[in-house]
1. Could you count how many residues in segment 163-202 are surrounded by 15 or more Cβ atoms within 10 Å (Cβ to Cβ), of a type in the set (D, E, K, R) and either out of contact with any Leu (no Cβ under 9 Å at 6 or more places or on another chain) or within 18 Å of Leu138 (Cα to Cα) (or both)?
2. Gly93 passes all but one of (1) touching a residue at least 60 places away in the same chain (Cβ under 8 Å); (2) away from ligand 1 (no atom under 16 Å from the Cβ); which number fails?
3. If you check Lys266 against the conditions, is it out of contact with any Leu (no Cβ under 6 Å at 6 or more places or on another chain), modelled with pLDDT of 95 or more and in the same structural domain as Val375 (by TED's automatic domain parsing)?
4. I'm told Val373 meets every condition in (1) under 20 Å from Pro331 (Cα atoms); (2) within 20 Å of the chain's Cα centre (by Cα); (3) of a type in the set (Val, Ile, Thr) except one. Can you identify the failing condition by its number?
5. Scan segment 342-353 and give yes if some residue there is modelled with pLDDT of 95 or more, in contact with a helix residue (DSSP H, G or I) (Cβ under 9 Å, 6 or more places away or on another chain), of a type outside the set (Phe, Trp, Tyr) and not assigned by TED's automatic domain parsing to the domain that holds Trp245, otherwise no.
6. Quickly run through segment 88-118 and pick out the residues that are assigned to a loop (DSSP other than H, G, I, E, B) and among the hydroxyl-bearing types (Ser, Thr, Tyr).
7. For segment 24-54: of the residues being closer than 17 Å to Phe197 by Cβ and within 16 Å of ligand 1 (Cβ to nearest atom), which is farthest from the chain's Cα centre (by Cα)?
8. State all residues of segment 178-203 that are within 24 Å of Arg364 (Cβ to Cβ) and without any contact (Cβ under 8 Å) to a residue 60 or more places away in the chain; if no residue qualifies, say none.
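The values are calculated or read from the model by the stated rules, or taken from the named source; none is laboratory data. Not measured: the values here are computed from a predicted model. Positions of Cβ are backbone-derived with ideal geometry, glycine not excepted, and every protein chain shown enters the neighbour counts.
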Amino acid sequence: MDIFPGRLYLRKEIEHIEGFNNIAAISNNKCFRCGNTAAHLFGRMSCVLCGREDCLYCRNCLVMGRVNSCQKLYYQKTTILQSEKKTLLEWGGVLSKGQKKASEAVVLSLKRNQDMLLWAVAGSGKTEMMFEGMDWALRQGFRICLASPRVDVCLELYPRLKEVFPSKNMVCLYGDSEDKYQGEQFVLATTHQLIRFYEAFEVIFIDEVDAFPYAKDPFLNYAVEKARKKEGTTIVITATPEQKWQEECTSGKRRFVKIPARYHRKKLPVPRTCWIGPWKKKLSRGQITHKLINWIKEKEAKDQPILIFFPEIEAMNQFSKALTNYNFPEPVTVHSADAARKEKVEWLREGKIKILLTTTILERGVTFTDVQVAVFGSEGSIFTEAALVQISGRAGRKFSHPTGDVCFFHYGATAEMKRAIKHIQKMNQLGVKEGMLDD
Ligand SMILES: [Zn+2]
Ligand SMILES: [Zn+2]
């Protein structure tokens, strides 16, 4: 087995320990590899290595090979690679005003070695905002990583980045498949995969930082910090920073740049709201409010694709059946555990189907030309401000179709719904003020 600096190894994974640094796998009831400190996520076992009957091991990162408290983790330090003078980026595109502002801020942050939040609206073209900064970092000989909690994001960005940095070795790490890391200078990885790294990267970009499971999982935050060199820089990118981060931005505690405009210079669609009464009761009788039936017919008449979001799978399935009572064919549904998820998304994209019912799984990371968006039961607790802002961000993403209808169909407007609408309105105001939008 080949050994690469910046990776943590178990003793059994390496032939000898000469030239390796080591660190206790578990100390003070904390797993070094994954950061677990929760007592119930540790187990005890009789251990052949130390002979104890109650040797502690971590259950939280068991899938990556068991670590016991009597073991050490081994690693070699990474070094900065040869610097290069000439540009590595091969991209013929032009940045919009907003993208340029962001791009310059990213480069400056990296040069000054300061962490930064890039708060950029959905559809603003976030990937291109990172190009210049990545180019600069790679030219310094830095090892860089683009991490995302979402494997979809990694898989989508991998070919795009390979295309614009053709001269760089790149690898995409995801899933609990075998480790494919070969010491590449540029690593794309799910945040989960970073558990295996230690002080490996000078620069880490984190895309869609607030996306599940990163937002909910404290271990992943630990993994990202551990994978980065202590003196390195982290650039975090999202359209919807959590409340606490927003407050830190306002109070000056967090360095950030806000990009309120899409690359096509048109305003974000502001969601409308529509009260539909006790929809659960109606659904159980196979009924759907006429307000929504009419909404669907209206979009169908214009031959526009439709995405309808649901708070839960059960309601979605009931709705799907009920729709046939109104002379519609039974529509296609999709959720996170759906094996055919990718194909179904393609069907809507290619126009093979016109309506797709979905859970929040499609709240981000997908683009459909001219899509019209409805949120059914938008008062549901799963529809947070961030989720609703992301969902609304599905509409009007294309140059050819920069607007779209977004409607929250609800049985009692929530604070989250109001916050989401306000969030979008404020971004539009700021976009006009900063001259990034055609009014
Ligand atoms: Zn032991
Ligand atoms: Zn662990």
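1. Just the residues of segment 163-202 that are surrounded by 15 or more Cβ atoms within 10 Å (Cβ to Cβ), to begin with: 164-165, 168, 170-174, 179, 181, 183-202.
Then keep just the ones that are of a type in the set (D, E, K, R); that gives 168, 179, 184, 196, 199, 202.
If we keep only those that are either out of contact with any Leu (no Cβ under 9 Å at 6 or more places or on another chain) or within 18 Å of Leu138 (Cα to Cα) (or both) too, we end up with 168, 184, 199, 202.
Result for segment 163-202: 4.
2. If we test Gly93 against (1) touching a residue at least 60 places away in the same chain (Cβ under 8 Å); (2) away from ligand 1 (no atom under 16 Å from the Cβ), just (1) comes out false.
3. It is false that Lys266 is out of contact with any Leu (no Cβ under 6 Å at 6 or more places or on another chain), modelled with pLDDT of 95 or more and in the same structural domain as Val375 (by TED's automatic domain parsing).
4. Of the numbered conditions (1) under 20 Å from Pro331 (Cα atoms); (2) within 20 Å of the chain's Cα centre (by Cα); (3) of a type in the set (Val, Ile, Thr), the odd one out for Val373 is (2).
5. Checked against the condition, which is being modelled with pLDDT of 95 or more, in contact with a helix residue (DSSP H, G or I) (Cβ under 9 Å, 6 or more places away or on another chain), of a type outside the set (Phe, Trp, Tyr) and not assigned by TED's automatic domain parsing to the domain that holds Trp245, segment 342-353 yields at least one hit.
6. Ser96 - this is the single residue of segment 88-118 that is assigned to a loop (DSSP other than H, G, I, E, B) and among the hydroxyl-bearing types (Ser, Thr, Tyr).
7. Ala25
8. Hits for segment 178-203 are Phe186, Val187, Leu188, Ala189, Thr190, Thr191, His192, Gln193, Leu194.
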